[in-house]
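Taking it in order: structure first as structure tokens, then the write-up.
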Amino acid sequence: MFHLHCTKKLLDRIKPDISMPGQSDTALGSWYATVLFWKPQVALLVSERTLLPVLMPLAPAATLARRFPGQLALVLKQHGVPPEFIAQEVWRMEKVQYAKTANRSVVGIINEFVKQAEFWLAAYAYEKGDDDDLLAISAKLAETPCSPLYKGPVSPDKALHELVKAGTQS
């Protein structure tokens, strides 16, 4: 099970049952999500533990949490994560609990990623149905140095690789 902390904009679109925040069973921890009002609309999800960004089509919004593990698997594969780690992570994401945002630091990173994604959107000329562009933009965002990570791996892609490496050694 994983917790999906959504911004008010996204909660208004999905209208899920909201629970109290708790611990996720996944290695990447809880996820934070918002909606980008592009044409077509896109969801941005960020791992609380590594700050790894994942962009995916929002529609249909009601199925976002069910579709998310598949999109995450594609992003993890693009980052060269071992298939065993990906399978374990996706398996643990079978259930979701929605919650309001609770970590202002992660919300700040989401806001920064939204600004940068606008730039990469123009660079990749994202068009409806071109999910490869969303994967490419997610990968570019993952290279961004993030202040919460400055004492360690600095960027989400490096934090992901450290987490995976630590998980495979234990």
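The values are calculated or read from the model by the stated rules, or taken from the named source; none is laboratory data. Values in this document were obtained by computation on a predicted structure and should not be read as measured data. Neighbour counts run over all protein chains shown; Cβ positions are idealised from the backbone, glycine included. The protein model used for the area step is the full one, side chains on, heavy atoms only, and it has no ligands, DNA or RNA in it. Shrake-Rupley method; radii C 1.70, N 1.55, O 1.52, S 1.80 Å.
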Quickly run through the stretch 66-87 and pick out the residues that are over 16 Å from residue 161 (Cβ atoms) and surrounded by 14 or more Cβ atoms within 10 Å (Cβ to Cβ). 67, 68, 69, 71, 73, 74
Over the stretch 94-109, the set of residues among the basic types (Lys, Arg) and over 17 Å from residue 14 (Cβ atoms) is 104
Criterion: open to solvent by less than 30 Å² (accessible area, probe 1.4 Å), outside any helix (DSSP H, G or I), over 22 Å from residue 59 (Cβ atoms) and modelled with pLDDT of 90 or more - qualifying residue of 99, 159: 99
Within the stretch 139-153, how many residues turn out to be outside any helix (DSSP H, G or I) and farther than 14 Å from residue 53 by Cα? 4
Restricting the search to the stretch 117-139, which residues are at pLDDT 85 or above and surrounded by 16 or more Cβ atoms within 10 Å (Cβ to Cβ)? 117, 134, 135, 136, 137, 138, 139
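Condition check: modelled with pLDDT of 95 or more, more than 21 Å from residue 35 (Cβ to Cβ) and surrounded by 17 or more Cβ atoms within 10 Å (Cβ to Cβ). Does residue 149 satisfy that? Before the answer, list the steps.
Numbers: modelled with pLDDT of 95 or more: no; more than 21 Å from residue 35 (Cβ to Cβ): yes; surrounded by 17 or more Cβ atoms within 10 Å (Cβ to Cβ): yes.
No.
Filter the stretch 50-64 down to the residues that are within 11 Å of the chain's Cα centre (by Cα) and either of a type outside the set (A, V, I, L, M, F, W, C) or open to solvent by 10 Å² or more (accessible area, probe 1.4 Å) (or both), then identify the one that is farthest from residue 154 (Cα to Cα).
We begin by selecting, within the stretch 50-64, every residue within 11 Å of the chain's Cα centre (by Cα); these are 50-56.
This time we only want the ones that are either of a type outside the set (A, V, I, L, M, F, W, C) or open to solvent by 10 Å² or more (accessible area, probe 1.4 Å) (or both), so: 50, 53.
Details: 50: 10, 53: 14 Å.
Filtering the stretch 50-64 for residues that are within 11 Å of the chain's Cα centre (by Cα) and either of a type outside the set (A, V, I, L, M, F, W, C) or open to solvent by 10 Å² or more (accessible area, probe 1.4 Å) (or both), the one farthest from residue 154 (Cα to Cα) comes out as 53.
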Got at least one residue in the stretch 41-59 being in contact with a Cys (Cβ under 7 Å, 6 or more places away or on another chain) and at positive phi? yes
